[in-house]
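Values quoted throughout were computed directly from the atomic coordinates according to the rules given, and no laboratory measurement underlies them. Small disclaimer: the values here were computed from a predicted structure and weren't measured. Backbone-built Cβ (ideal geometry, glycine too); neighbour counts: all protein chains shown.
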Amino acid sequence: MTESVLVSSALKESWLARSGGRLSHVVPAFAVWLMLIVLPGAVTGDDEAEVTIVPVMHDVAIQFNPDNPNELAPEHAEVFENGRVVRLKAAIPEYDQPTTIWARVSVYPVPKDDRLVCDAWDRAGHVRLVVNDEPPIEMVKFITAFGGQTDFEVDVTHLAPLLQDTCVFEAFIDTWVTPAWTIDVELVFEPVDTSDYYVPTEYAAWVKPVMFTQSYNAQDIGPTGIEVLCEVPSASDRVLLYYFTSGHCTDGRGAGEFVTKDNVILVDDVVVYRFRPWRDDCREFRAINPYSARWSDGWWSSDFRRSGWCPGDVVEPVVLDLTDHLTPGEHRIGFVVEDVRPVDSAGHFGYWRVSSFVVGMEETEAMQNR
């Protein structure tokens, strides 16, 4: 049974003051599992809008424990990959358009003692939405800091067609120790304030999962890449393709972590986009990487430029408007990472974590009437 709690405006203002103006991480102190918290929000016309917070995961352990992967798992959770993936369900309340949906994720290293943490490395991670027998959808893709806490807030309004009724969520961190990390996940449903005559121009009408792989590598996938059949529903005003990608390697050197490669997207054998993922702003995240090593040249490990990611930050998707290519009907969508570093004599190789989905956008009634 889902329980709702009405929170006073005074208490909300107290939370806002403590959180720097954002309602982050207030659930654990005031809520129990699968409770909905409804907060008085901005005024829309003469009515009072409500912000609804849906806890998905709280203090959930992510670890690598082949001997007992369920040791730290919460009640009702399913555990996979020796504890590195935890699956939980959450009930989503009914909500009206226009509503902005935020995913808030906080990742905490498990302390080892007063000075150390159990896993001081940067680790790939994500929160994904499980959609029946189709590929999962990455909602929030991130890299942990070197042994530091990280907090992310990502707009996932485009996934509204799937965020209905009861949803299944999975959290993953690529750790190899136990204990390692804990994670909090919540969804925030925030009605759009139209009092200033702001009117959303479009909304997501449908979402189609396309592809998801944790290891795009030369030995398993080869030079031709991944090709997926995708059935595009009835005509939409716009069709957007979301593509997540990050380059990695098993030995922490060279390609694909520190040497990027061309990522190519094709529709029906036509190249629609080619780019090289790259982040050169990683030094900005040094403060949240407390266990990053310092090199003799003055650089810290967290500073280095990387193939589409930085330790302690989210990995943003590339969003392509493919309306002209993804017309209603069946299409072949291809994904190629060129010249992936092959396995060397020591068994090390480069690999990429990639995923994709397609969203159909339709104009709002307000836009149609203009």
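This ranking places 208, 89, 261 by how few other beta-carbon atoms lie within 10 Å of each, fewest first, which gives 89, 261, 208. Listed values for the range 253-263 are Karplus-derived 3J(HN,Hα) couplings in whole Hz (6.51 cos²θ - 1.76 cosθ + 1.60, θ = phi - 60°), namely 8, x, 6, x, 6, 9, 10, 7, 9, 5, 9, and x replaces Gly and Pro. For residue 139, the residues 5 or more places off, or on other chains, whose built amide H falls under 5 Å of its own are 127, 128, 129. Ranked by the mean number of other Cβ atoms within 10 Å per residue, highest first, peptides 357-363, 111-117, 122-128 order as 122-128, 357-363, 111-117. Using C-alpha pairs below 8 Å separated by at least 6 residues, the relative contact order for the range 200-370 is 47 percent. A simple rule links phi to the HN-Hα coupling: the Karplus curve 6.51 cos²θ - 1.76 cosθ + 1.60 with θ = phi - 60°, which for the range 98-104 gives x, 9, 8, 10, 10, 9, 10 Hz, with x for Gly and Pro.
Counting neighbouring Cβ atoms within 10 Å and putting the fewest first, the residues 323, 245, 260, 166 line up as 166, 323, 260, 245. When each of the peptides 267-279, 145-157, 333-345 is scored by how many other beta carbons lie within 10 Å of its residues on average, the order from highest to lowest is 145-157, 333-345, 267-279. Residues whose amide H falls under 5 Å from that of residue 364, counting only those 5 or more places apart or on a different chain, are 202, 203, with hydrogens built in the peptide plane. The phi torsions of the range 358-363, fed into the Karplus equation with coefficients 6.51, -1.76 and 1.60 and a -60° offset, translate into couplings of 10, 10, x, 9, 10, 5 Hz, rounded to whole numbers, with Gly and Pro shown as x. Note on residue 168 and residue 155: the extension gain reaches 2.8 nm, defined as 0.36 nm multiplied by sequence separation minus the Cα-Cα distance. Here the gap between residue 132 and residue 346, fully extended at 0.36 nm per residue and compared with their Cα-Cα distance, gives a gain of 73.1 nm. For the pair residue 89 and residue 296, the difference between a 0.36 nm per residue extended length and the Cα-Cα distance amounts to 69.8 nm.
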